[in-house]
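First comes the structure, then the notes that go with it.
The values are calculated or read from the model by the stated rules, or taken from the named source; none is laboratory data. Because the structure is predicted, anything quoted here is derived from the model rather than measured. Glycine also receives a Cβ, built like all others from the backbone with ideal geometry; neighbour counts cover every protein chain displayed. All accessible areas refer to the heavy atoms of the entire protein, side chains included, with ligands and DNA or RNA removed. Shrake-Rupley method; radii C 1.70, N 1.55, O 1.52, S 1.80 Å.
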Amino acid sequence: MSARPLGLESGYNGCVWPYLTDKDITTLLPRWGVQPDRNPLLWHSRRPFSSSAIIALDDGGRLFLKRHGQALRSANTLTEEHRFTRHLARQGLPVSAPLPMLDGQTALATPDYTYEAFPLFTEQDAYRGLDSWRPYHSTHQAASSGTLLAQLHQASEAYQAPPRHNPPLISARHPLLGDKLADSLIPWAAEQSGLAAFYTPASLQRDILPLLTPFHEALHPLLPDDHPLWGHGDWHGANLLWRIEGQDITAARAFDFGMCDQTSAAFDLAVAIERSFINWLDPDGTPAVHEEQLLAFIHAYDAQRPRSTAEKHLTACWLPLCHVTFALSEIAYYSDVLGNKEAAEVSRRDYLIGHAQWFHTARGQALLTLLKES
């Protein structure tokens, strides 16, 4: 069972997301008031959703430049993310906040792409190059990640902004808040560009709502206690920078807020658990729960930001549901933007449906019980 299509390099409008080039760098960097070194490209990566590079500057410095297709992120969309990260930074949370250009803006739009730039930090990008959504390398690392996420939620409490206006590929909570799940999820799904051409509302009603409805019915009475809060939306080891501490490393800084939205602390915590403590890529197809790491993570979270009994139950209730909106958006992305029907089908079958099915198994039910009691 695959968590999602990982590492796919088929790309924008049927082509590969192109690497950033020396010409791109020379053209773009003056907007940030810096100049590239003679051989500027130190490292670059193509992920399924963007291209990025670490760039050497002529003054000896370095920065991280990231490029998105306009179909995914507009300048306004990136600016929403940047406002949130700047707020967190003002609250003292260690984050990677965007670098402003000479005009004060932090997102640069061209006819085809949107760009953002970030400083480089001294901490280690310890999970770079590894498959996303894997367990942590140690229990200590899992615990330190839980502490940092709790600190993020504390720093987020004073942030006042409405939910985002449905950009693709974010962790959205509001489509799951209807009195009946179909009342909110089906209309939202119908508005997702390109989704219905691959996965119709009727198919959604048939395939996924019967799996999700029991979980939603358990969640719904608790929603008055689920206070809105902006969350990271994609919390896992590869979106953190790490500091050497003794014989291990400790989570030191958060980055990549591309999936952030106004959700809740319990929802964001459920996303973090779903990403890192269930081994969806287990080769025998029966995902195992990394219970020791999970307990270290949530106990460290609670030591920093104690949750009420209601919030613990909310975390458990959100866990089988928190992947749904991102999974649907990913299906639309692969099928419509990339024209990759095979990847879209993997997202539909293994991610959207497969994860929901697993929570009906004995292992899945045991995990939900554990979370309510821990």
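Pairs linking a residue in region 28-43 that is over 7 Å from Leu57 (Cα atoms) to a residue that is open to solvent by less than 50 Å² (accessible area, probe 1.4 Å) and aromatic (Phe, Trp, Tyr), with Cβ atoms under 8 Å and 6 or more positions apart or on different chains, are Leu28/Tyr115. Which residue, of Leu88, Leu99, is buried (at least 21 other Cβ atoms within 10 Å of the Cβ) and not hydroxyl-bearing (Ser, Thr, Tyr)? Answer to the check: Leu88. Of all residues in region 90-110, those being under 18 Å from the mean Cα position of the chain (by Cα) and part of a strand (DSSP E or B) number 1. When Ile298, Ile278 are checked against the criterion of being out of contact with any strand residue (DSSP E or B) (no Cβ under 8 Å at 6 or more places or on another chain), farther than 30 Å from Thr79 by Cα and not charged (D, E, K, R), a single residue qualifies: Ile298. The set of residues in region 39-81 that are of a type in the set (Asp, Glu) and more than 16 Å from Ile25 (Cβ to Cβ) comprises Glu80, Glu81.
Restricting attention to region 102-123 and to residues that are of a type in the set (S, T, N, Q) and modelled with pLDDT of 95 or more, the residue that is surrounded by the fewest Cβ atoms within 10 Å (Cβ to Cβ) turns out to be Gln105. Based on what the data block shows, is Thr369 open to solvent by 40 Å² or more (accessible area, probe 1.4 Å), among the β-branched types (Val, Ile, Thr) and more than 19 Å from Ile208 (Cα to Cα)? Taking the combined requirement at face value, the residue satisfies it.
Name the residues in region 70-89 that are over 20 Å from Gln151 (Cβ atoms), in a helix (DSSP H, G or I) and touching a residue at least 40 places away in the same chain (Cβ under 8 Å), would you? I'd like the intermediate steps shown before the answer.
As a first pass, look at region 70-89 and keep what is over 20 Å from Gln151 (Cβ atoms): 70-80.
Now restrict to residues that are in a helix (DSSP H, G or I): 75-80.
Listed by number, the residues that qualify are Thr77, Glu80.
Residue pairs whose Cβ atoms lie under 9 Å apart, separated by 6 or more positions or on different chains, with the first residue in region 219-247 and of a type in the set (Val, Ile, Thr) and the second in a loop (DSSP other than H, G, I, E, B), are Ile244/Glu123. For Ala75, the test of being surrounded by 15 or more Cβ atoms within 10 Å (Cβ to Cβ), modelled with pLDDT of 90 or more and within 26 Å of Ala332 (Cα to Cα) is passed. For region 134-163, a tally of residues being under 20 Å from His299 (Cα atoms) and either assigned to a loop (DSSP other than H, G, I, E, B) or β-branched (Val, Ile, Thr) (or both) returns 7.
Can you say whether Gln160 is open to solvent by 10 Å² or more (accessible area, probe 1.4 Å), farther than 29 Å from Leu352 by Cβ, out of contact with any Ser or Thr (no Cβ under 9 Å at 6 or more places or on another chain) and free of Cβ contacts under 8 Å to residues at least 24 places away in the same chain, as far as the supplied structure shows?
Answer is yes for this residue.
Keeping to region 276-305, report how many residues are open to solvent by less than 40 Å² (accessible area, probe 1.4 Å) and among the acidic types (Asp, Glu). So the answer is 2. Looking only at residues in region 319-357 that are assigned to a helix (DSSP H, G or I) and over 21 Å from the mean Cα position of the chain (by Cα), the one that is modelled with the highest pLDDT is Gln357.
Scanning region 355-366 for residues that are open to solvent by less than 60 Å² (accessible area, probe 1.4 Å), farther than 13 Å from Ala288 by Cβ and out of contact with any Leu (no Cβ under 6 Å at 6 or more places or on another chain) yields a count of 2.
Go through the residues of region 49-60 one by one and say whether even a single one is buried (at least 20 other Cβ atoms within 10 Å of the Cβ), in contact (Cβ under 8 Å) with a residue 40 or more places away in the chain, over 16 Å from Tyr113 (Cβ atoms) and over 16 Å from the mean Cα position of the chain (by Cα). No - not one qualifying residue is present in region 49-60. Is it the case, given these coordinates, that Ser308 is open to solvent by 30 Å² or more (accessible area, probe 1.4 Å) and touching a residue at least 24 places away in the same chain (Cβ under 8 Å)? Yes: the conditions hold for Ser308.
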